[in-house]
C-alpha cells in the first residue's frame, strides 16, 4: 500500500499542474465548415430521419456548390441512439472539433439536450425532428431554432380541421401519461374548443408499459363522441390503432392520430389507413416537392423522403445562405441575420425564422392516410385535405412562454 | 422451476411473433399453422442455447445464468432489429376471427375470445402434464432433489433441457398470439419481461398453477386499473411483488421448500 | 472473489498504472467521456463492494446512481441551490434510500434479494416519470446555468471538473479498500463464504449487510452526481433497469471482488459504447457488447483483473 501513494503522487502533481492550462484555441476562420447531423441512425427514427437525413443534408451542400466563403462544407452523420446523454457528449465533441451547426436531433429529449449544449458553446442548432414545443417555450435559447413541427402545430392543424366540421365536434382522447401526451391533450383541447368543439373525455394511460388498450378503446366507443384522438407515438400508436380496428371503432368514429409520419405508414400501411394527421410537407404535394423527391429517390433507392428529411435539406440551404450573407459562421452573426427573416422554398411556404422565440413557421398540411387500394404509386400514402397557413398553424407569438434573453 | 432466471424470456416471446410474421410474409404461413410452427422453432432455438451455453453455467452462482441471458437479450433484439427494422412489421388480423361479438352489450373481438380460450387450454395442459403425469412428476422431482433422482437412474439433464425448451416454446407461442394484437417489433419483449418476473415471483416460484392464476389476475388488474386508477397501474405490480417477497417469499402458491 | 490483490506488490502496481492512466485521460479521450468513465468506475466499485465482497447481488443499483443524479440536478437547475449543498443533499438522498431499501431487501437472500431491489428501483423509475414537473419526464433535467464552484475553484471547464471528480473517485475507492481490509470487511467476507458459520460465531449478519448496502448505495449516489453534473443533465436512463444491468456487466467484465477490476471494466465498457457507434460496426453496437459480455460470462468469469490475478508466479520448490 505504500507504493500507492508516493510515486504516483509525484506524477500526479506534475501532470495536474500541466493540465490546467487551457487547450489551444482552434483557428475559427479557416478549414472546412462542418455540419453535424445528429440523428437516430438505426433505431425507431432511422426511417424518419437517420441516414436519409444525412443524405438530404449532403444534397443541400452539393446543390449549394459544396463550399461557402471559399471553404469546403463537410457533412458528418452522428448517431445519437435515442440517448440524450450520449447525444450531448457527441454534440459537445462535434462542436469542439469544428462543427458550426448541429442539425436534425430527431427525438425531443435529444433535441433539448443538444439545445443546452448549443447555448453553452455559442453555436447554432436547428432542430427538425423533435416535437417538443418547449424548444420554443420554456427551454428556448439564442442558438436553437425549431424548424419543422411541434405539438402545438399538430393540434392546431388536425384538431382545427376536424372540429370545424359538424361531424367532428365531440372528441374522446387516449393519451399516454407523460409530458408529450399531456401537452398534446392540452393543445388539442384548446384547438377544438376554438372551433366550437368539445373534448368529452380523455384517458391518460400509464407510460411506458401499456400494450393493451382494449378497455380504453371501449370507453371511447361508449362515450358516443364523434372523433377518437390518439395522442401517442411510436409503438403505442401502432398498438392502439391495431386495437381500434380490432374493436371496429373506426367504423363509427373518425380517427385523429396526433403524430405520424410517411415512414410509419411505409412500415405498416394497413394499420394507419383511414386516419387523419398533420405533416409539415408531403413529397407529392406539388411539382417542386416532387422534383426534389425524385432527386432524393435516385440517391436512396426509390424511397420517398419524409418531411423531416426535406426539412433538413431546406434548413441547410437556408443556413448556408445566411452564412454567405454575413460572411462568417459565427453563430451570433448568423442568428442576427436569420431572426425575423422570411423565406420560401420547396419545403417551407410562407416561411419565417421567428425572432421572438426561434420558431420557424411555414404552411402545414392536414392529410388523410389512404388505404392501399387508393394509392396510385409507391409511397403515395397521403391526400391533402387542408392547407393551414403559418399564422394559424403555430403558437401565436403573444402566447409564447419563451423568455427571450437575446 | 429450473432455478434459471431467464431474462431472455421476453426476447423469446418476441421471436415467436417474428417467426409468425416471417412465416406469413415469406412463406405464406397462415396464423393457425404459425401456432404450431413458431413454438417448435423457438423451442428448438431455446434448446440449442441451453445445450451450448446454459449448461455450462448450472453449477455456478445463478448470477451467471442471469447475466448470460441478459447478454442474450441484447444480441437477439439487435439482430432482429437489423433484419426487420425497428419500426415494426405488419401482422394482419386473423382470417376467420376478424369480427366482433356482442358480449354484455359491448363489442368483443372474436380474436380475443379465441386467445382467452386457447391460453386457458394450454395452461391447463401444462398444469396437467406437470402435476398429473409421470413425466411431470419426474421433472418436479428433478428440480427439488436432483441427486436422489439421478441415483434412481433418471437422466435429469435431459429432463431439465426438455423443460427449458418447452418453457421457451410457450413464450414463443405467446408471441404468435400477440402478433395480431400488437406491434411486432424487436422491443416488444422488453416491455413484458419485468412484469413476467413479477408474476412469477408473486405467483410462486416453482408453481405453475400459481403463475397461471397470478398471470390472469394481474392481467385483469392491469386492464381494469387502466380505467379505474391509471396513475398507479404500473406501480401496483411492483408493490405487490415487494409485499409478497417480504411476507411469503415463495409466492402465494409456491412451495416454501423451494425458497432459497 | 478475493482480496488477494490488495496489499500486494502486484496490487500496488495495478493501482499505480490505473492512476497514471486516469491522470492523463483527458488528453487521450474527450474530457466529458473521461468524466463518464470516472463516474462509472466509482459506481462499479461501489457495486462490487456489495457483490464481490458481501455477496449480495443488487439488480436495482441504478436507483442510487440515477436518484442522486436527479436530486442534485433538480436542486441546482430548478431551485438554484449552490453546488456543494446540492451534492450533499443528493448523497444524503442516496444514503436514506439505501437505508430503506436495504432494511426491506436484506430480509431475503439470493435471487429474492435481487428481485426486491429490482422492484423498488422500478418504483422509483415510475415515480420519476410521473413527477414530470420536476424530473422533466422523458426529457430529463438540463443544467443550463452551469456547474458552480468547489471551494472557489470554477468547475465549468470540463478538464477541471474531471480532476475534481477523479479526486473524489480516488478517495471513494481508497475508502472502499480500507473498509474491505478492515475487521468489518473481514466479517463481510466471512458472511459471504458461510453465513451460517458467521451467525454461529455471534455476528449480527443483518446489521453488517445493511451497513455494507448503505455504504454501497451512498457511494453509487456520489458517482451518479458526478455523472449528472459532468454531463450537465439527468434523465430516466439513470434510473432505468438497463443501467443496473450495465454496472453488473462492467463489474463482471473487469472482475468482481477485486476493486480494480470494476474500474477497468467500467473504463472498457464506457469506451466501447462510445466508440463503436462511429465505426463500421456502428449499427450493431448492442450485438457486439452483448457478445463480449456473453463470452466473458461463459469463459472469462474472473474478468480482466481476475484473470491477471490468476497468473500466479511459479511456486518456489
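Region C:244-317 and region A:282-340 have their alpha-carbon centroids 44 Å apart.
As an exercise, use a Förster radius of 56 Å and the Cβ-Cβ distance of residue C:279 and residue C:174 to find the FRET efficiency, rounded to the nearest 0.05. Display every interim value, and only then the final one.
Details: r = 36 Å, r/R0 = 0.64.
Approximately 0.95, to the nearest 0.05.
How much of the calculated P(r) for chain B lies past 27 Å, in percent of all Cα pairs? It would help to have the intermediate numbers written out before the result.
Values: 13758 of 33670 pairs.
Roughly 41 percent, rounded to a whole number.
Normalised by residue count, region B:36-170 yields a Cα convex hull volume of 172 Å³ per residue.
Overall shape: prolate for region A:215-292, with the ratio a/c of the largest to smallest alpha carbon gyration tensor axis at 1.5 or above and a/b above b/c. Across region C:171-217 the C-alpha pair distances fall into 5 Å bins from zero in the proportions 5, 23, 30, 24, 12, 5, 1, 0 percent.
Determine how many Å³ per residue the convex hull of the Cα atoms of region B:82-146 encloses. List each step's numbers first, then the result.
Values: hull volume 13.2 nm³, N = 65.
Dividing the Cα hull volume of region B:82-146 by its residue count gives 204 Å³.
Sequence-distant contacts, meaning Cα pairs under 8 Å at least 6 residues apart, place the relative contact order of region B:1-184 at 46 percent. When each of the peptides B:78-84, A:315-321, B:36-42 is scored by the mean number of other C-beta atoms lying within 10 Å of its residues, the order from highest to lowest reads A:315-321, B:36-42, B:78-84.
Partner shielding of A:247-253 amounts to 2, given as the average count of beta-carbon atoms from other chains within 10 Å of each residue beta-carbon. Using only the alpha-carbon atoms, how far is helix A:307-326 inclined from the longest principal axis of chain A? Give it as 0 to 90 degrees, nearest 10. Result, in degrees: 40. GNM on chain C, alpha-carbon springs under 10 angstrom: the most fluctuating residue among C:280, C:90, C:164 is C:280.
With a 10 Å cut-off around each Cβ of A:177-189, the average count of Cβ atoms from other chains is 2. From Cα pairs below 8 angstrom and at least 6 apart in sequence, can you work out the relative contact order of region A:39-172, rounded to a whole percent? Normalised by residue count, the contact order of region A:39-172 is 18 percent. Peptide C:122-128 has a mean shielding of 5, counted as Cβ atoms of other protein chains within 10 Å of each residue's Cβ.
Protection proxy ranking of B:103-113, B:65-75, B:187-197, by the mean of other Cβ atoms within 10 Å over each peptide's residues and highest first, is B:65-75, B:187-197, B:103-113.
Quote the convex hull volume per residue of region A:246-380, based on C-alpha atoms, as a whole number of Å³. Write out the running numbers ahead of the final one.
On the way: hull volume 18.4 nm³, N = 135.
It is 136 Å³ per residue.
Over 16 Å apart: what share of the alpha carbon pairs of region A:335-392 falls there, rounded to a whole percent? Counting pairs separated by more than 16 Å, the tail of P(r) holds 56 percent.
Taking the C-alpha atoms only, the angle from helix A:108-121 to the longest principal axis of chain A is near 30 degrees. Of A:37, A:257, A:375, the residue with the greatest mean-square motion in the GNM of chain A, using alpha carbon springs below 10 Å, is A:375.
A protection proxy built from the mean count of other Cβ atoms within 10 Å ranks the segments A:396-404, C:53-61, A:178-186, most packed first, as C:53-61, A:178-186, A:396-404. Here the alpha carbons of region C:28-239 define both size measures, Rg and Dmax, at 17.5, 56 Å.
Computed over the Cα atoms of chain A, what is the convex hull's projected area averaged over all directions, in nm²? Before the final figure, lay out the partial values.
Numbers: hull surface 95.3 nm².
Projected area, direction-averaged: 23.8 nm².
Across region C:176-317, the fraction of Cα-Cα pairs farther apart than 27 Å, rounded to a whole number, is 37%.
For the protein assembly as shown, the normalised intensity computed at q = 0.07 Å⁻¹ comes to -0.62 (log10 of I(q)/I(0), Debye sum over alpha carbons, equal scatterers, no solvent).
When you restrict to C-alpha pairs under 8 Å that are six or more residues apart and normalise by the size of region C:1-107, the relative contact order lands at 18 percent. Stretched out straight at 0.36 nm per residue, the stretch from residue B:98 to residue B:147 would grow longer than its current Cα-Cα span by 12.5 nm. Distance from the C-alpha centroid of region A:216-273 to that of region C:108-132: 33 Å, rounded to the whole angstrom. For chain A, DSSP calls about 30 percent of its internal beta bridges antiparallel.
Each reported figure results from applying straightforward, stated rules to the coordinates on display, with no laboratory input. These numbers come from a predicted model, not from an experiment. So basically every Cβ, Gly included, is an ideal-geometry build from the backbone, and we count neighbours across all protein chains shown.
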